[in-house]
Amino acid sequence: MTERPQTPTSPADRIAESTRPALRLLLAAPRGFCAGVDRAIQIVELALAKYGAPVYVRHEIVHNRYVVDSLKAKGAIFVEELDEIPDTDQPVIFSAHGVAKAVPAAAKARNMFVLDATCPLVFKVHFEAERHHREGREIVLIGHAGHPEVDGTMGQLPPGAVHLVETVEDARRFHPRNADELAYVTQTTLSLDDTAAIVQVLKSRFPAIKSPHKEDICYATTNRQNAVKAIAPRIDCLLVVGAPNSSNSLRLVEVGTRAGCTKSRLIQRAEDIVWSDLHGARAVGITAGASAPEVLVDEVIAALKSRFDVTVEIVSTAEERIAFNIPRELRPPAA
């Protein structure tokens, strides 16, 4: 699909456009919000609409400053820990990344009204880890230390039950108590290629290791990485709209670089574009992490159109029709 800018309405506009360099813009699809992020934001907005402000949210609901600031403006208060929240009957919402079991236990002890926005695909990893633990297996978690999703998954089980492996080198160094009673799970937002390399090492060292019933890396992460792989060899620069603390956005930058676009850049807003990166560029790609709203992509496209004679090509590699239910407390009453 190709879209041409509208014809300028004045001679001055036509002269200005004629002096702009031509630029083909490859727009990756799918991009941006996934079903889990969309659900989490809906939960905050619906809670504000139903219960009024303030609504308390533990940790950023999703990793995107624009989204967080927008929700703050509507009355959401973001905290890192529950002890920052005063005694209240107002909703307390857990972020899409999931939490350790100690967090809902602490909330229950304070009689907090909790709405859990944990992504159902993160819950799947939690359930899988708990099942393996019940069946007597040590668990390897492939993920990144310090990420809230990793903290939440490790916090489902007693200390020492889950071993974090971040790299191929970690996988080579890992020594389980019993190689015949071992399983692995993964963070949902990892690089497909990096994870495959780590899994290959684990399986070669521990042939009996149990795999997830279904891939833990979520459909949205997979689809966005595949879309980037499709455009990377055709572009001179890739702009990934996302946040620096967004794991899936950072992975898109890495995927773009490895797939052939050495100028793969993470930007939060159009104002972050380094225009010298685009000097002499004939084709630029745009994608967005799963926490980045489409309005930010539109902003970047508008900025490019202000400097270039832009032709837009949408490169679609998958269609997404997944949606997750919101908590029962926030659903409209049955007719």
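None of the figures in this text is laboratory data; all of them are computed from the coordinates on show. Please read these numbers as outputs of a predicted model, since none were measured by experiment. Because the Cβ atoms are built from the backbone with ideal geometry, glycine has one as well, and the counts that use them run over all protein chains shown.
Pull out a ≥ b ≥ c, the square roots of the eigenvalues of the alpha-carbon gyration tensor of the range 188-292, then state rounded if a/c is under 1.5, prolate if not and a/b is larger than b/c, and oblate in the remaining case. Don't skip to the end; give the middle numbers.
Numbers: a/c = 2.92, a/b = 2.10, b/c = 1.39.
The shape class here is prolate.
So how do 145-156, 208-219, 79-90 stack up, highest first, on mean other-Cβ count within 10 Å? Walk me through the numbers on the way to the answer.
Numbers: 145-156: 19.2, 208-219: 16.9, 79-90: 12.2.
Descending mean neighbour count gives 145-156, 208-219, 79-90.
Determine which lysines satisfy two conditions relative to K263: a Cα distance under 18 Å, and not lying fewer than 8 residues away in the same chain.
Candidates past the 8-residue exclusion: K229.
Put a dot 7 Å past each Cα toward the Cβ at T88 and H163; how far apart are the dots in nm?
Each label point is offset 7 Å from its Cα along the Cβ direction, giving 4.2 nm.
Distance in nm between label sites at A179 and A53, each 7 Å beyond Cα in the beta-carbon direction?
My value for the distance between the label points is 5.9 nm.
Just subtract the alpha-carbon distance of A197 and A73 from 0.36 nm times their residue separation and send over the number in nm, one decimal.
Details: separation 124, 0.36 × 124 = 44.64 nm, distance 4.31 nm.
40.3 nm is the gain from fully extending A197 to A73.
V79: net charge of surrounding residues, Cβ under 15 Å, Lys/Arg +1, Asp/Glu -1, itself excluded?
On the way: positive: R58, K72, R110; negative: E60, E80, E81, D83, E84, D87.
Here the charged neighbours net out to -3.
Which order do peptides 180-188, 297-305, 33-41 fall in by mean Cβ count within 10 Å, highest first?
Numbers: 180-188: 21.8, 297-305: 16.6, 33-41: 23.4.
Per-residue mean Cβ counts within 10 Å order the peptides as 33-41, 180-188, 297-305.
Kirkwood Rh over Cα pairs of the chain into Stokes-Einstein at 10 °C, 1.306 mPa s: D in µm²/s?
Numbers: Rh = 21.7 Å.
It comes out at roughly 73 µm²/s.
Which residues' amide hydrogens lie under 5 Å from the amide hydrogen of I93, considering only partners 5 or more residues apart or on another chain, with H built in the peptide plane?
Amide H to amide H, under 5 Å and 5 or more residues apart or across chains, I93 pairs with Y56, V57, R58, L115.
Show me 267-273, 42-48, 58-64 ranked by packing, highest mean number of other Cβ atoms within 10 Å first. Provide the component values of the computation, followed by the final result.
Values: 267-273: 15.7, 42-48: 21.0, 58-64: 24.7.
Per-residue mean Cβ counts within 10 Å order the peptides as 58-64, 42-48, 267-273.
So for the range 35-119, considering every pair of alpha-carbon atoms, how many percent are separated by more than 15 Å?
Details: 1807 of 3570 pairs.
Counting every Cα pair in the range 35-119, those more than 15 Å apart make up 51 percent.
Please report, in debye to the nearest 20, how large the charge dipole of the chain is about its Cα centre when each Lys and Arg carries +1 at its beta carbon and each Asp and Glu carries -1 there.
Working: 39 positive and 42 negative charges, 133 e Å.
Computed about the Cα centre, the dipole is about 640 debye.
Roughly what angle does helix 192-205 make with the longest principal axis of the chain, taking Cα atoms, 0 to 90 degrees, to the nearest 10?
30
Quick one: compute a quarter of the convex hull surface over the Cα atoms of the range 51-178 and quote it in nm².
On the way: hull surface 36.4 nm².
It is 9.1 nm².
Which of the lysines could a cross-linker bridge to K101, judged by Cα under 30 Å and excluding same-chain residues fewer than eight apart?
Reachable lysines: K50, K72, K74, K124, K203, K210, K214.
Give the shape of the range 121-205 as rounded, prolate or oblate, defined through the alpha-carbon gyration tensor: a ≥ b ≥ c are the square roots of its eigenvalues, a/c under 1.5 means rounded, and otherwise the shape is prolate if a/b is larger than b/c and oblate if not. Each step should come with its number before you reach the end.
Numbers: a/c = 1.61, a/b = 1.07, b/c = 1.50.
Oblate, since a/c reaches 1.5 and b/c is not below a/b.
Just to confirm the number: angle between the C-alpha axis of helix 247-258 and the first principal axis of the chain, 0 to 90 degrees, nearest 10?
So the inclination is approximately 60 degrees.
Going by alpha carbons, how many degrees (0 to 90, nearest 10) lie between the helix axis of 120-134 and the longest principal axis of the chain?
It is inclined by approximately 30 degrees.
Could you work out the relative contact order of the chain, using alpha carbon pairs under 8 angstrom and six or more residues apart, expressed as a whole percent? Show your work: numbers first, answer last.
Details: 635 pairs, mean separation 90.1, N = 335.
Once normalised by length, the contact order is 27 percent.
Considering only DSSP states other than H, G, I, E and B, which trypsin sites (Lys or Arg not before Pro) in the range 138-179 qualify as loop sites with at most 13 other Cβ atoms within 10 Å? Each step should come with its number before you reach the end.
Values: sites: R172, R173, R177; in loops: R177.
Filter output for the range 138-179: R177.
How big is the antiparallel share of DSSP beta bridges in the chain, given as a percent to the nearest 5?
Details: 2 of 44 bridges.
Looking only at bridges with both residues in the chain, the antiparallel portion is about 5 percent.
In terms of the Cα gyration tensor, with a ≥ b ≥ c the square roots of its eigenvalues, is the range 91-247 rounded because a/c is under 1.5, prolate because a/b exceeds b/c, or oblate? Could you put the intermediate results ahead of the total?
Working: a/c = 2.26, a/b = 1.10, b/c = 2.06.
Oblate shape, in that a/c is at least 1.5 and b/c is the bigger or equal ratio.
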